[in-house]
Every structure is written in C-alpha cells, then in structure tokens.
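Trainee: Let me give you the structure first, and then I'll get to my questions.
The values are calculated or read from the model by the stated rules, or taken from the named source; none is laboratory data. Remember, it's a predicted structure, so these values are computed and weren't measured experimentally. Cβ: placed from backbone, ideal geometry, glycine included. Neighbour counts: every protein chain shown. Keep in mind that these areas ignore ligands, DNA and RNA; they rest on the heavy atoms of the full protein, side chains included. Shrake-Rupley method; radii C 1.70, N 1.55, O 1.52, S 1.80 Å.
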Amino acid sequence: MDQFHSLAGRLLVAMPGISDPRFEHAVILVCAHRPDHAMGLRLDRPAPGVDLKKVLTRLDTPAPDSALDRPVLVGGPVERERGFVLHTADWLAEDASLAFGDGLAMTGTREALTAMVDPTGPRRSVLLLGYAGWGEGQLEEELGENVWLTAEADADLIFDADYDGKWSKALAGLGVDPARLSGQSGRA
C-alpha cells in the first residue's frame with residue numbers, strides 16, 4: 001500500500017479541460033486531507049452581490065464600513081450556505097479553529113466573523129461560503145488522472161483580491177505557461 005501524503009496547506013490548480021465546469025480555472029486551498037476525505041476552499045470566485053458587510057448585517061453583527069467592499073467567496077459547491085473564515089493563524093478560536101499549512105487557519109464560527117473586522121483579529125482573512133469535498137480516494141484518483149496540479153500555498157496568492165488572475169498566477173508560480181497547457185489528460 002502506498003504511503004499517504006496529506007496535501008493540507010497546499011493548492012490544487014485545475015488543469016484545462018477539467019470535466020466539472022464548477023471547477024474551471026479553480027484554485028483551491030486544501031484545508032484538511034486524510035485517507036478517508038479531503039476538504040478545500042476555492043480562492044478565486046467572488047459570490048455575486050455579496051460582501052462582508054451584508055453578511056454581518058444579516059447576522060445582526062456589528063458591520064463597520066471597512067467591511068463594505070470586502071468580497072465573500074464561493075468556497076465550493078458543498079453546503080453553500082455554510083460560512084468559513086480562512087485566516088492567518090495569528091488569531092485562533094479555542095476549540096474551533098483548524099490550523100494547517102504554513103500559518104493558516106480556518107474557523108467556522110460567528111466569533112471568527114466578528115474577528116475579521118476587529119483590530120485584534122487575524123491580520124488577513126476572507127469569508128467563504130461552501131467548500132469543495134472529496135470522499136475516500138477521490139482526490140488521489142483525480143490527481144492520478146492529472147485533473148489537478150499541486151502547488152505550494154502562498155499567503156499573498158491566497159489573500160490576493162485579483163480573482164481573475166489567481167489561476168494564471170498559481171500556474172506561473174509552478175513555472176507553467178497556461179497557453180502551453182493541453183485540455184487533454186491521460187497517463188503515459
């Protein structure tokens with residue numbers, strides 16, 4: 001049996017021609033990866049018509065004007081009404097935050113939402129609705145089929161507000177020119 005290697009804290013970068021249109025040009029941060037499942041957050045798709053201020057107001061939470069133009073991202077197709085705050089690990093909620101990778105954490109509580117707009121909260125953060133999930137062996141199978149490239153997670157890329165350019169930047173970080181990628185996948 002192959003040794004299991006967790007991809008938690010790494011990026012998945014969609015290859016051209018991915019068969020699921022929900023993941024075209026996707027850049028996903030893997031937050032948890034175990035032999036029986038994987039969970040990640042898509043970093044490049046703003047939720048249309050939603051910003052942090054609207055979410056905080058809807059939850060009757062103080063919503064300073066600084067939250068007005070902070071986008072909320074679509075983290076993936078699973079449980080799209082569920083919110084996750086992806087943030088730097090300089091702020092953690094005891095028994096609620098999942099720290100992973102190099103100085104990153106994910107928290108799914110109201111406390112994390114209010115911390116996003118608090119000066120004592122995390123240095124960098126973004127709210128995502130929903131997540132991407134894989135069952136046992138599913139992500140490994142997709143990797144074997146060359147559906148995804150894996151890359152080091154870089155906080156500047158993760159929290160970059162250039163959502164349209166994130167896929168190309170992730171590929172460039174791997175030394176890959178998107179124009180040279182084929183939409184065909186397979187095995188040699």
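Trainee: In 10 Å bins starting at 0, how do the alpha-carbon pair distances of the stretch 5-75 split up by percent?
Mentor: 19, 33, 30, 17, 1
Trainee: Okay, next question. Would you work out the charge dipole size for the chain about its Cα centre, treating the Cβ of every Lys and Arg as +1 and the Cβ of every Asp and Glu as -1, and quote it to the nearest 20 debye?
Mentor: For this selection, approximately 380 debye.
Trainee: Would you work out if the stretch 38-125 is rounded, prolate or oblate? Take a ≥ b ≥ c from the square roots of the eigenvalues of the alpha-carbon gyration tensor; rounded if a/c is under 1.5, else prolate when a/b is larger than b/c, oblate otherwise. Spell out each step's value before the answer.
Mentor: On the way: a/c = 1.64, a/b = 1.11, b/c = 1.48.
Judged from the Cα gyration tensor, the stretch 38-125 comes out oblate (a/c at least 1.5, b/c at or above a/b).
Trainee: What is the local net charge at LEU7, summed over the other residues whose Cβ is closer than 12 Å to its Cβ (Lys, Arg +1; Asp, Glu -1)?
Mentor: Surrounding charge for LEU7 is -1.
Trainee: May I pose another question? Out of every Cα-Cα pair in the stretch 137-177, what percent are more than 15 Å apart? Could you put the intermediate results ahead of the total?
Mentor: Numbers: 402 of 820 pairs.
Pairs farther apart than 15 Å: 49 percent.
Trainee: I've got another one for you. Quick one: grab the alpha carbon gyration tensor of the stretch 59-107, order the square roots of its eigenvalues as a ≥ b ≥ c, and give me rounded if a/c is under 1.5, else prolate or oblate depending on whether a/b is larger than b/c.
Mentor: It is oblate, given that a/c is not under 1.5 and a/b is not larger than b/c.
Trainee: Still on this structure, I have one more. I'd like the antiparallel share, as a percent to the nearest 5, of DSSP beta bridges with both residues in the chain. Show your work: numbers first, answer last.
Mentor: Details: 33 of 36 bridges.
Here the antiparallel bridges make up roughly 90 percent for the chain.
Trainee: Let me ask you something else. Give the carbon-plus-sulfur fraction of the accessible surface of the stretch 1-118 in %, rounded to a whole number; probe 1.4 Å, heavy atoms of protein chains only. If you can, show how the numbers build up before the last one.
Mentor: On the way: 3030 of 6070 Å².
Carbon and sulfur together cover 50 percent of it.
Trainee: Rounded to the nearest 0.05, what FRET efficiency do ASP162 and ASP118 give with R0 = 25 Å and r taken as the Cβ-Cβ distance? Could you check?
Mentor: E(calc), rounded to 0.05, equals 0.45.
Trainee: May I pose another question? Would you please calculate the Kirkwood hydrodynamic radius of the chain over all C-alpha pairs and express it in Å, rounded to one decimal?
Mentor: Evaluated over the chain, this radius sits at 17.1 Å.
Trainee: Report the FRET efficiency, 1/(1 + (r/R0)^6), for GLU111 and LEU174, where r is their Cβ-Cβ distance and R0 is 30 Å, rounded to 0.05.
Mentor: 0.25
Trainee: Assuming R0 = 45 Å, what is the FRET efficiency of THR150 and LYS54, from their Cβ-Cβ distance, to the nearest 0.05?
Mentor: Approximately 0.85, to the nearest 0.05.
Trainee: While we're here: Once the other residues with Cβ under 15 Å from the Cβ of TRP91 are scored (Lys, Arg +1; Asp, Glu -1), what is the net sum?
Mentor: Charge balance near TRP91 sits at -2.
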